[in-house]
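Working notes for the structure below.
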Amino acid sequence: MTAIDFAAFVDQLATISGETILPFFRTALAVESKHRDDGSFDPVTAADRGAETAMRTLIRRNFPEHGIVGEEYEDERADAEYVWVLDPIDGTKSFVAGMPIWGTLIALTRFGEPVFGMMHQPFTGERFAGDGGAAHYRGPGGKRKLRVRACSALKDAIVYTTSPLLMKSADREAFRRVEEAAKLSRYGGDCYAYCMLAAGHIDLVIETELKPHDVMALIPIIAGAGGVITTWDNGAAQSGGRIVAAGDRRLHAAALALLNK
């Protein structure tokens, strides 16, 4: 498969998932909550399941030897050389609330390393994609390269997290130290916040309790835009957990110092 063919196929996945999801957005759709030991609300809808089913079907038809790992269904050939990692709606809580800060995450890994990622927001018509070496945007305003912005100090930084309430108490206190040192902190965004970092609009994203499907597609986008994304202990982000993404390595180091104080 050539690079051109590959890009076209990822666009097909984004298109078919978006066509499945959009008829459900801002409607009176039924919302279930996945079982969690702590009893917290973890919503899932027919849109999530339908979009993942559509993407899995297209992958099986075109690349039967590839593996598939997704949020809603069991893994398929997760030990294959190439594995697709899918999150049909990252930000389902925003989705069910009618807020447009959610997206479909599509990643391709080779031997466990993400080699391509896309975030598609079908309601706004935006696609953010990267391969670790470069990153690009397509949307109503046209096409452009994605590039992070320089920001060396926390006092000048805009920081995002989806919600401190999603963090364990010790992690929430660590995040508070960064938040108090920053110029501005905002909540919400899920995957969209990471793409705004890649686009140079914000400087730092700090999260916890992420799964691989929450982050895998975002790694090559942020790296391709010149940013850095790791765990809180400066490890690889592929497995999820506690994640820090920054547009500037100096800011990343400053954030890690406070988080691990």
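Read-outs: derived from the displayed coordinates by stated rules, not from any lab. Model, not experiment: these values are computed from the prediction. We place every Cβ from the backbone using ideal geometry, glycine too, and count neighbours over all the protein chains shown.
Considering just Cα atoms, how many Å³ per residue does the convex hull of the range 3-145 enclose? Before the final figure, lay out each step's value.
Working: hull volume 17.4 nm³, N = 143.
Expressed per residue, the convex hull around the Cα atoms of the range 3-145 is 122 Å³.
Calculated FRET efficiency, S239 to K261, Cβ-Cβ distance, R0 = 22 Å: about 0.40 to the nearest 0.05. Only Cα pairs under 8 Å and 6+ residues apart enter the sum, and on that basis the relative contact order of the chain stands at 16 percent. Mean separation of Cα pairs under 8 Å and 6 or more residues apart, divided by the residue count, gives the range 61-149 a relative contact order of 16 percent. Here D90, D156 are placed in order of increasing Cβ neighbour count within 10 Å, fewest first, which gives D156, D90. Applying 0.36 nm per residue to the separation of A150 and E32 and subtracting their alpha-carbon distance, the gain on full extension is 38.3 nm.
Computed from the alpha carbon positions, the gyration tensor of the chain leads to an equivalent ellipsoid with semi-axes of 28, 21, 18 Å, biggest first.
Ignoring solvent entirely, what values of log10 I(q)/I(0) come out of the Debye formula for the range 154-259 at 0.16, 0.22 Å⁻¹ when each Cα is a single scatterer? Log10 I(q)/I(0), no solvent term: -0.57, -1.20. Relative to the longest principal axis of the Cα atoms of the chain, the long axis of helix 46-62 makes an angle of roughly 60 degrees. Summing Lys and Arg as +1 and Asp and Glu as -1 over all other residues whose Cβ lies under 13 Å from the Cβ of D171 gives a net charge of +1.
Note: the range 69-188, Cα convex hull, 161 Å³ per residue.
Between the C-alpha center of the range 150-180 and that of the range 61-105 there is a gap of 27 Å.
Quick one: order Y194, Y187 by neighbouring beta-carbon count within 10 Å, fewest to most. Walk me through the numbers before you get to the answer.
Values: Y194 32, Y187 14.
The fewest-first ordering by Cβ neighbours comes to Y187, Y194.
Any chance you could give the angle, 0 to 90 degrees and rounded to 10, that helix 249-259 forms with the longest Cα principal axis of the chain? The answer is roughly 70 degrees.
Listed by Cβ neighbour count within 10 Å, with the fewest neighbours leading, I219, I229 appear as I229, I219.
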